[in-house]
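Down below is the structure, laid out as structure tokens.
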Amino acid sequence: MTDKEYMKKAIELAKKGYGFVNPNPVVGAVVVKNGKIIGTGYHEKIGGLHAERNALLNCTEDPQGADLYVTLEPCCHYGRTPPCTEIIIEKKIKRVFVGSDDPNPLVAGKGIEILKNNGIEVVPHILKDECDSLNEIFMHYITTGLPFVTLKYAMTMDGKIAAYTGRSKWITGDKTRLYAMGERLRHSCVMVGSGTVLADDPMLNYRLPNGRDPIRIICDSRLRIPTDSKIVSSANSIQTIVAADIDNKGSEKAEELKNKGCEIIFLDKKDGHIDLLQLMKILGERKIDSILCEGGGELGYSLLKCGAVSKIQAYIAPKILGGKSAPSPVGGLGADSPDSAVQLYDTRIKTIGDDILLESRVKNVYGYN
């Protein structure tokens, strides 16, 4: 196997950590000696051993003189666990192949420097783009302190997210919905507006085996969501946050929602709605690193307008709904010209069954980039 093939193995291992390590990065590691893999590991859960320690402690033979392939620069500071650089030095690893640089100021090149100073050869940037993509959430959050927001929607080829009747089940196929469910696992939270709750009464949970439910955030300026909705009824078992404007503080409806298990964050008003940037700052301070926004069009527009969206996921089905009144994925007033449109870049295309996934990054997120 080549260096890239060993790193691909480490990347696949890292993906097993999605949903269980936030706000930490997902990391995979492979130990190779005399052309044979003798140990593998990944960061399995928050507070657990890092990938390098798991791989080195799981070796089938003495790793002295072996090569270590790791998707992210080894840490060199004490946190919930000791530095990975210590065990790499202790086990007398000969070479370390690294995928991504760690932007965490506590690491940021120091891990590689420590290894080199201890006589270990370091080969950086093996499959760097793929390794960077693994941790786009972590890299954004650790550098900004604000959540990575993915705006996700399913639409027909003519840009409709529902028929003129409001019916939207189902735009995309089974394989696409299964893939999209995985995004709920990868993100810490799933977010919708009150209109989505009123129209669809969703659960917004994770419905596949061996996962965990995301935190649910409902943007509900006027506290319109029903107390008997599925989300409110299950708030004692799945963490649920309702973001409302400050005028509702102390209201009877607010108390009813709290009694049902919902947490309410009261926010200032901005442009007639809750201040979404204020919400993002509060969530970031709580170490909530990522949000998957699943609707609807008005909330999507508001998030784009305030500059909070990092990534767009558009699932496109080979269907035509038509209809002047059929809703599109992003509402609001909109841009007044193509020149003032939200600018996207790094677009990627994936085929999922009969559907297509278009993913693009958004420029100038929170004023960065």
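The values are calculated or read from the model by the stated rules, or taken from the named source; none is laboratory data. Since we're looking at a predicted model, the values are computed, not measured. Neighbour counts are summed over all protein chains in view; Cβ atoms, including those assigned to glycine, are modelled from backbone coordinates with ideal geometry. The area values use the complete protein model at the heavy-atom level, side chains included, leaving out ligands, DNA and RNA. Shrake-Rupley method; radii C 1.70, N 1.55, O 1.52, S 1.80 Å.
Annotations
- Considering residues of region 89-104 that are surrounded by 23 or more Cβ atoms within 10 Å (Cβ to Cβ) and either of a type outside the set (Val, Ile, Thr) or modelled with pLDDT under 90 (or both) only, the residue nearest to residue 132 (Cα to Cα): 100
Per-residue answers, yes or no, for (1) modelled with pLDDT of 95 or more; (2) more than 25 Å from residue 287 (Cβ to Cβ):
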| position | (1), (2) |
| --- | --- |
| 171 | no, yes |
| 177 | no, yes |
| 182 | no, no |
| 263 | yes, no |
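- Qualifying residue in region 346-354 (condition: polar (S, T, N, Q) and in contact with a Leu (Cβ under 7 Å, 6 or more places away or on another chain)): yes
- Condition check for residue 351 on (1) in contact (Cβ under 8 Å) with a residue 12 or more places away in the chain; (2) under 23 Å from residue 183 (Cα atoms); (3) of a type in the set (Ser, Thr, Tyr): one failure, at (1).
- Residue ID - surrounded by the most Cβ atoms within 10 Å (Cβ to Cβ), chosen from residues in region 205-239 that are among the polar types (S, T, N, Q) and farther than 13 Å from residue 19 by Cβ: 229
Results for (1) free of Cβ contacts under 8 Å to residues at least 24 places away in the same chain; (2) open to solvent by less than 30 Å² (accessible area, probe 1.4 Å); (3) part of a loop (DSSP other than H, G, I, E, B), shown as yes or no for each residue.
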position: 47; (1), (2), (3): no, no, yes
position: 55; (1), (2), (3): no, yes, no
position: 61; (1), (2), (3): no, no, yes
position: 64; (1), (2), (3): no, no, yes
position: 69; (1), (2), (3): no, yes, no
position: 74; (1), (2), (3): no, yes, yes
position: 80; (1), (2), (3): no, no, yes
position: 87; (1), (2), (3): no, yes, no
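- Test: residue in region 274-297 that is more than 28 Å from residue 361 (Cα to Cα), touching a strand residue (DSSP E or B) at 6+ places or on another chain (Cβ under 9 Å) and open to solvent by less than 40 Å² (accessible area, probe 1.4 Å): no
- For the condition touching a Phe, Trp or Tyr at 6+ places or on another chain (Cβ under 9 Å), open to solvent by less than 60 Å² (accessible area, probe 1.4 Å) and within 20 Å of residue 116 (Cα to Cα), residue 32 qualifies.
For (1) more than 19 Å from residue 144 (Cβ to Cβ); (2) open to solvent by 20 Å² or more (accessible area, probe 1.4 Å); (3) not in a strand (DSSP E or B), each residue gets a yes or a no:
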| residue | (1), (2), (3) |
| --- | --- |
| 302 | yes, yes, yes |
| 314 | yes, no, no |
| 326 | yes, no, yes |
| 332 | yes, yes, yes |
| 346 | no, yes, no |
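- Checked against (1) open to solvent by 60 Å² or more (accessible area, probe 1.4 Å); (2) under 21 Å from the mean Cα position of the chain (by Cα), residue 18 passes all but a single condition, namely (1).
- Among the conditions (1) open to solvent by 10 Å² or more (accessible area, probe 1.4 Å); (2) modelled with pLDDT under 95; (3) touching a strand residue (DSSP E or B) at 6+ places or on another chain (Cβ under 9 Å), the only one that residue 250 does not satisfy is (3).
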